[in-house]
Amino acid sequence: MKIYCKLTAPLKRLIDRRFQRWLTARMPAQNSFILNHRNIFIFPSKFGRHFLLLCFILFLLGTNYQNNLILFVLFFLCSFMVTCLFLSYQNIAHITLTATPVTPQFAGSDCVFCLRMAKKSNLGQEMSIYFQKKSSGLQSLISEEQVLVYGLSKKRGWFNPGRVTIASTFPFGLFTVWTFLDFDLRALLYPQPQKNKQPLVSLSTRQSTQGITNTALGVDQFSMLKNYQAGESLKSVAWKQLAQGRGWFSKQFEQDQGGDVLLDLALYGNLDLEKKLSLLSYQIIELDKRHLSYTLKLGATTFVAEHGLQHKTRCLKALALYGLRE
């Protein structure tokens, strides 16, 4: 049994590679597809093959016993199956699917890929859409105008989930109608943010504008205690003083002069590269939420101190592609 599995596994991989090459030649990648006879495959389902076996048995009985009633039932079933063949094809034929731009997402999370769908209201019944190589446990969401297909990858960088499978057994399950379409879908996956309390590094105004030299700790450093005012965040409460019975106080923080933060890959010591990038990803997200300016230094590449959505996007993209070939 083990020898049989060892022999069949390479054969299956060979057949799969040949089939993928044939698909690439027959249906090359493009942004939009119209389903028609050139890209739709039809084959009897398991139930359909049993149906054909029944028809063959009826044929043997009808011809052997020369029973016209059995032959009549046989011809009726055959005509019914041929009708189902055309209905199964028409159910998904002439549907147009178009890929939409994919927004960058985070590795380790289910990525959503959106396909716009244009069809008549009576088409596309009991249709399932999923990636040929399933990676996510989430089911696709199909509406009248769009399809949301989910893929999952734990690696940062560009993620290509592969071809999209569209299949249907409508109307009676006798035939399986399917296709494999390559929309050339790609999603940029940022490093998965890893929550951490790494001490941040603050730059002076001169360092922010003229380059990075010596640095000092100092983002949100403790300044003083003041009387607690009703309505203030409980995060600022000085719980230690409260536990000592000294009353309610709140902590006041201040930033060093300049306030710009340095995020440097080299400051994370001998940690694994992917962990370093995950820590930086979390820091960027948190600093952006607090509307703080920050500088990102990745080896010889430096992104000068800024803040805002564009700066955040540039830095996260740099983290996603760091050390990879685009």
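Assorted remarks:
- Filter result (touching a residue at least 40 places away in the same chain (Cβ under 8 Å), within 14 Å of G162 (Cα to Cα) and assigned to a loop (DSSP other than H, G, I, E, B)) within the stretch 110-146: Q132
- Just one of the numbered conditions (1) polar (S, T, N, Q); (2) under 23 Å from K120 (Cβ atoms); (3) without any contact (Cβ under 8 Å) to a residue 24 or more places away in the chain is not true of Q20: (2).
- Only one of the numbered conditions (1) surrounded by fewer than 17 Cβ atoms within 10 Å (Cβ to Cβ); (2) part of a helix (DSSP H, G or I) is violated by K312, and that is (1).
Yes or no, residue by residue, for (1) hydroxyl-bearing (S, T, Y); (2) farther than 22 Å from S143 by Cβ; (3) free of Cβ contacts under 8 Å to residues at least 24 places away in the same chain:
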{"site": "L53", "(1), (2), (3)": "no, yes, yes"}
{"site": "L58", "(1), (2), (3)": "no, yes, yes"}
{"site": "F72", "(1), (2), (3)": "no, yes, yes"}
{"site": "C78", "(1), (2), (3)": "no, yes, yes"}
{"site": "V82", "(1), (2), (3)": "no, yes, yes"}
{"site": "Q90", "(1), (2), (3)": "no, no, no"}
{"site": "T98", "(1), (2), (3)": "yes, no, no"}
{"site": "Q105", "(1), (2), (3)": "no, no, no"}
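- Residue match in the stretch 72-93 (condition: assigned to a loop (DSSP other than H, G, I, E, B) and assigned by TED's automatic domain parsing to the domain that holds W178): yes
- The stretch 1-35, residues that are at pLDDT below 80 and in contact with a strand residue (DSSP E or B) (Cβ under 9 Å, 6 or more places away or on another chain): none
- The single condition from (1) touching a Lys or Arg at 6+ places or on another chain (Cβ under 7 Å); (2) modelled with pLDDT under 90 that W158 fails is (2).
The values are calculated or read from the model by the stated rules, or taken from the named source; none is laboratory data. Since the model is a prediction, treat every value here as computed from it, not as a measurement. Cβ coordinates were reconstructed from backbone atoms using ideal geometry, including for glycine residues, and neighbour counts include every protein chain displayed.
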